[in-house]
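Accompanying notes for the structure given below.
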Amino acid sequence: MELRDYLDILKTYWRSIVATTLVGFLVALGLTLSATTVYSSGAQILFTPVAGTGGQDLFYAANYTSSRLPVYEDLVNSTQVVGPVQVALAQGGYPSLAGTELSAAHSTTKPILTVTATGKSAKQSARVARIAVETLITVVEPNENPKDGKQGVVHGSIIVPASIATVPSNH
């Protein structure tokens, strides 16, 4: 085929080519405009063992802390955490937790738990993630540490605070 043959095809089928291109463009535009924009904000907590000076105590406490991470991950969506987050949002005059999803994941190699809030507002997602990690620490520490005045077993520290997302996430 020569160039003239291609031009003849374009001349014959130009309406179909333009119509197909236009339909494809309109479908893509419609999907883009109807997509919900969501933002994610995450914060990380480092759970460290608190133990005596003996090597065996440190080994036990480190293993205990690592074994508890799945429990802390589950606590993120429990009423023990979600309830206080909702109260803090209401007291601050902020929108409720509705429309914001909380999730958590722990590292398999480090005692780090990442808490993520995903919602339609970048500021609200960051606010929820911040309050959730603060609340989780206040729930975990009293439950993991003895009430008889002895030294505790677990301490949580926020190592990466929640920040406001500047671009939407891919959810």
Open item on the list: Output the 0 to 90 degree angle, nearest 10, between the alpha-carbon long axis of helix 3-34 and the longest principal axis computed from the alpha carbons of the chain.
Closed with: 30 degrees
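Per the Cauchy relation, a quarter of the hull surface: what is the mean projected area of the convex hull of the alpha carbons in the range 1-137, in nm²?
On the way: hull surface 63.2 nm².
That works out to 15.8 nm², a quarter of the Cα hull's surface.
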Task: Computed FRET value (nearest 0.05) for LEU26 with LYS120, which takes r as the C-beta separation and R₀ as 22 Å - done: 0.30
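Looking at the chain, identify the longest residue range that excludes and avoids all trypsin sites (Lys or Arg not before Pro) in DSSP loops having at most 10 other Cβ atoms within 10 Å. Working shown, then result.
Values: sites that count: LYS147, LYS150.
It runs 1-146.
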Open item on the list: Net charge within 13 Å of ALA162 by Cβ-Cβ distance, Lys/Arg positive one each and Asp/Glu negative one each, not counting ALA162 itself?
Closed with: +2
- [ ] Keeping the other protein chains in place, figure out the carbon and sulfur percent of the accessible area of the range 59-171, with a 1.4 Å probe.
- [x] 56 percent
TODO: Would you mind giving the three semi-axes, in whole Å and largest first, of the ellipsoid equivalent to the range 44-118 according to its Cα gyration tensor?
DONE: 31, 13, 9
Task: Amide H within-cut-off set for VAL38, under 5 Å, with H built and near neighbours excluded - done: SER169, HIS171
Open item on the list: Run the numbers for TYR64 and ALA35: contour at 0.36 nm per residue of separation, minus the present Cα-Cα distance, in nm.
Closed with: 6.1 nm
TODO: Compute from the Cα atoms of the range 60-171 the Rg and the Dmax, the latter being the longest Cα-Cα distance, and quote both in angstrom.
DONE: 14.8, 48
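Hey, with R₀ at 35 Å, roughly what FRET efficiency would VAL167 and ARG15 work out to, going by the Cβ-Cβ distance, to 0.05? Present the calculation step by step, with values, prior to reporting the outcome.
Numbers: r = 40 Å, r/R0 = 1.14.
E between VAL167 and ARG15, to the nearest 0.05, is 0.30.
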TODO: Working from Cα positions, state the angle (0 to 90°, nearest 10) between the long axis of helix 122-144 and the longest principal axis of the chain.
DONE: 30 degrees
- [ ] Let me know the charge dipole size of the chain about its Cα centre in debye, to the nearest 20, where only the beta-carbon of Lys, Arg (+1) and Asp, Glu (-1) is charged.
- [x] 400 debye
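The values are calculated or read from the model by the stated rules, or taken from the named source; none is laboratory data. Being a predicted model, the structure only gives us computed values, none of them experimental. No Cβ is skipped: glycine too gets one built from the backbone with ideal geometry, and neighbour counts run over all protein chains shown. Side chains are part of the model used for accessible areas, which takes the heavy atoms of the whole protein and leaves out ligands, DNA and RNA. Shrake-Rupley method; radii C 1.70, N 1.55, O 1.52, S 1.80 Å.
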